[in-house]
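Down below is the structure, laid out as structure tokens.
The values are calculated or read from the model by the stated rules, or taken from the named source; none is laboratory data. Quantities reported herein were computed from a predicted structural model and do not represent experimental measurements. No Cβ is skipped: glycine too gets one built from the backbone with ideal geometry, and neighbour counts run over all protein chains shown.
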Amino acid sequence: MELNEYLEVFIEESKEHIQSLNDHLLLLEKNPSNMDTVSEIFRSAHTLKGMSATMGYQDLANLTHKMENVLDEVRNKNLVIDPNILDVVLDAVDQLEAMVIDIANGGDGTRDVQSIVNKLNSIEKREVIVQDDSTKKVESNNGGSTATIINGLDEFEITLLQESEEKNHSNLQIDIKLREDCLLKAARVYMVFDVLEKIGEVIKSYPQVTDLEEENFELDFSVLVVTTEQSDQIKQKVMKVSEIDNVTIIPFTVDDILQQQPINSEVEQTVIEVASTVEESNKVSQSNSKAVISNKTIRVNIDRLDALMNLFEELVIDRGRLEQISANLKNAELVETVERMTRISGDLQSIILNMRMVPIDQVFNRFPRMVRQLARDLGKQIHLEVDGADTELDRTVIDEIGDPLVHLIRNAIDHGIELPSDRVEKGKPAEGLLKLNAYHSGNHVFIEISDNGAGIDREKVIRKAISNQVITHEQAKSLTDSQVYQLVLESGFSTAETISDVSGRGVGLDVVKNTIESLGGNISIESELGKGSVFAIQLPLTLSIISVLLVEVGKEKYAIPLSSIIETAIVSKSETFNAHNKTVIDFRGKVVPLVSLKEVFNVSSSLEEDELHSIVIIRKGEKMSGLIVDRFIGQQEVVLKSLGDYLSNVFAISGATILGDGQVALIIDPNSLIK
């Protein structure tokens, strides 16, 4: 039997079963006596074991078999689930996921899982689980801690390291060993971090900061730092801290990381499910089987959907051309035929876009497990609420939005929600609340991450922004609360502060902002000190076909996305005035600066200066600008085409489209024109 043709299906179904294991194990933690949940977990494990054995991935099958034995003991009521047992089973699921990812990346799925197998055997025999020494301390041999800390990096941390390389900064791993007679290890760690924060940005430490503060380590710890200073200078500064035995500095690159760990990104979405109902491939218990509709769904490779979308985009361009020819010739039969073609292609467009739409649950479903683990690591009590997981987004947007959401959620848990003791002192429940909500509104999807934690301290943000030269003292006086909160999204707001807490927010959020804006979206922040914060993300439903307002500047045509437009207006020159060396207008009680597209894009025009300005009012969050154009053409649906790698950095231009007359119109990026 040729197994390669089944590999794609095996990978996708394995990921579904692993996600099911994670979801049901978290449900089991809340209700350990629910045997229906145990049966669901057992069924997923059993199916995964059978598929793995059939495909020849023996390590995967063996580990699943060991986990299945433990679940069988629970199912037969010979074993009672407790948090320690659940931790081991969840660790086993993590190992299974790592094996599947390795297979998806072209590997053979082999992995050293003897440690977790021993723990599962101990649970099955009702023995005491002994933690491995490797989980308690950093390996002292060269490279041991390197692998540990690098394998713990998430995609956002890797992105920060990549950006530092692009800026010609150095990525360094600094291994520090304390003397054996060191009495106050936590104090020495604090002093080391204080030195490192002054020379660059701390990306990560191993063990974690909480373990270092509580002295839950031996004598060794490691820190990843981004800096511009030389290694010799760094070593001299760190060695000045008393009771330091040795300092080893190891330069590394992002390529080194990628060689040591598979990156768990949304590349795993290479195959998507076109419909929501899937027939179960195996049923362990007939009594627990559910009625399913057979042969109603198929799996389609996303490359085929991309090819279909590209062909349809060409059809949209030709449709626009035919509409223009029809309007010019005014032939009744041609007009009727084109109108019918427009209706049919509109329906076809709706079907194709719906085929590409996938529930945001594909991103949300990994967060409950992440929140549980982070809460345990940080000693916090957090309840996660998820609403709107069935909200759908274009697959290309889904691919990109996962990492920003991970970063915002981790940020809220780590810095937003307080420790239980601190919450009780403030009169709050010990358990913090983290809400994740998604919903449609018009042609956009909104995702909100809210918490009832400490909120953002306005004054601390301003002080930090001034010290980092993000704003001046004069600018700070005129900022509203909303504008102050937006400062935490600015590049450079937190360049050397990872461990200490300024406002509860800020590390690396400029990366989040850049990613969201690259998708044509924006992010806004609301906060109340002591009550909590809300980060709201606005995203377009799809990235390929967009509604625009066509305008004319000189002899050139430009397209402005309707999602950024408030309204259009005709303004007399007498209604404009100058403020702070800028031309502005009074728009509904607000001062709005004007931007001349003729000057921005250096367009020559033979038209004489008119007493009236045609203005397009655009908005980005609470900021607005008015774009001065020569003429409004009208609204149209266009296909967004990339300008390619050579023209990727053109100011204020996000792409181009081909109009019905064959002319190329540049698509304006409104966010770039609002300051």
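I'd like the full set of residues that are in a loop (DSSP other than H, G, I, E, B) and either more than 22 Å from residue 212 (Cβ to Cβ) or in contact with a His (Cβ under 7 Å, 6 or more places away or on another chain) (or both), limited to segment 382-437. Spell out how you get there, then give the answer.
Taking segment 382-437 first, the residues in a loop (DSSP other than H, G, I, E, B) are 388-391, 417-419, 426-431.
If the condition is that a residue be in a loop (DSSP other than H, G, I, E, B) and either more than 22 Å from residue 212 (Cβ to Cβ) or in contact with a His (Cβ under 7 Å, 6 or more places away or on another chain) (or both), then 388, 389, 390, 391, 426, 427, 428, 429, 430, 431 are the ones that fit.
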State which residue is surrounded by the most Cβ atoms within 10 Å (Cβ to Cβ) when the search covers only segment 174-215 and only residues that are modelled with pLDDT of 80 or more and in a loop (DSSP other than H, G, I, E, B).
-> 207
Taking segment 424-447 and the residues there that are over 20 Å from the mean Cα position of the chain (by Cα) and among the polar types (S, T, N, Q), the one that is surrounded by the most Cβ atoms within 10 Å (Cβ to Cβ) would be 443
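It is to be established whether one or more residues within segment 562-574 are assigned to a strand (DSSP E or B) and within 16 Å of residue 669 (Cβ to Cβ).
Start the filter on segment 562-574 by keeping residues that are assigned to a strand (DSSP E or B), which leaves 565-572.
Those still in the list that are within 16 Å of residue 669 (Cβ to Cβ) too: 565.
There is at least one residue in segment 562-574 that is assigned to a strand (DSSP E or B) and within 16 Å of residue 669 (Cβ to Cβ).
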Return the only residue of 614, 654 being under 26 Å from residue 318 (Cβ atoms) and touching an Asp or Glu at 6+ places or on another chain (Cβ under 7 Å).
-> 654
Would you mind telling me which numbered condition in (1) charged (D, E, K, R); (2) modelled with pLDDT of 90 or more; (3) touching a Pro at 6+ places or on another chain (Cβ under 9 Å) residue 552 fails?
-> (3)
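Tell me the residue from 47, 37 that is closer than 20 Å to residue 123 by Cα, polar (S, T, N, Q) and crowded, with 20+ Cβ neighbours inside 10 Å, please. Let's see the steps before the verdict.
Working: 47 fails: closer than 20 Å to residue 123 by Cα.
None of the others qualify; the one that does is 37.
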(1) more than 24 Å from residue 366 (Cα to Cα); (2) surrounded by 17 or more Cβ atoms within 10 Å (Cβ to Cβ) all hold for residue 13 apart from (1)
Can you name the residue in segment 448-481 that is farther than 16 Å from residue 414 by Cβ and of a type in the set (A, V, I, L, M) and, of all such residues, is surrounded by the fewest Cβ atoms within 10 Å (Cβ to Cβ)?
-> 466
Could you please find all residues in segment 517-564 being surrounded by 18 or more Cβ atoms within 10 Å (Cβ to Cβ), of a type in the set (S, T, N, Q) and in contact with a helix residue (DSSP H, G or I) (Cβ under 7 Å, 6 or more places away or on another chain)?
-> 522, 527, 533, 542, 544, 564
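In segment 367-392, what count of residues is obtained for those that are of a type in the set (D, E, K, R) and crowded, with 16+ Cβ neighbours inside 10 Å?
Quick first cut of segment 367-392, residues of a type in the set (D, E, K, R) only: 369, 372, 376-377, 380, 385, 387, 390, 392.
Still in the running and crowded, with 16+ Cβ neighbours inside 10 Å: 369, 372, 380, 392.
Counting residues in segment 367-392 that are of a type in the set (D, E, K, R) and crowded, with 16+ Cβ neighbours inside 10 Å gives 4.
Out of everything in segment 393-423 that is more than 13 Å from the chain's Cα centre (by Cα) and under 22 Å from residue 357 (Cβ atoms), what residue ends up being surrounded by the most Cβ atoms within 10 Å (Cβ to Cβ)?
Going through segment 393-423, the residues more than 13 Å from the chain's Cα centre (by Cα) turn out to be 393-395, 412-423.
Cutting the leftovers down to under 22 Å from residue 357 (Cβ atoms) gives us 393-395.
Details: 393: 27, 394: 21, 395: 21.
Per the criteria, the residue is 393.
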State whether the residues of segment 127-150 include one that is at pLDDT 50 or above, charged (D, E, K, R), part of a loop (DSSP other than H, G, I, E, B) and touching a helix residue (DSSP H, G or I) at 6+ places or on another chain (Cβ under 9 Å).
-> yes
Under 6 Å by Cβ, and 6 or more places apart or on different chains, what pairs join a residue from segment 318-347 that is closer than 24 Å to residue 308 by Cβ with one that is charged (D, E, K, R) and assigned to a helix (DSSP H, G or I)?
-> 338/323; 345/319
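Out of segment 69-84, which residues are surrounded by 19 or more Cβ atoms within 10 Å (Cβ to Cβ) and not in a loop (DSSP other than H, G, I, E, B)? Write out each step before concluding.
Residues of segment 69-84 that are surrounded by 19 or more Cβ atoms within 10 Å (Cβ to Cβ), as a first pass: 70-71, 74, 81.
Result: 70, 71, 74.
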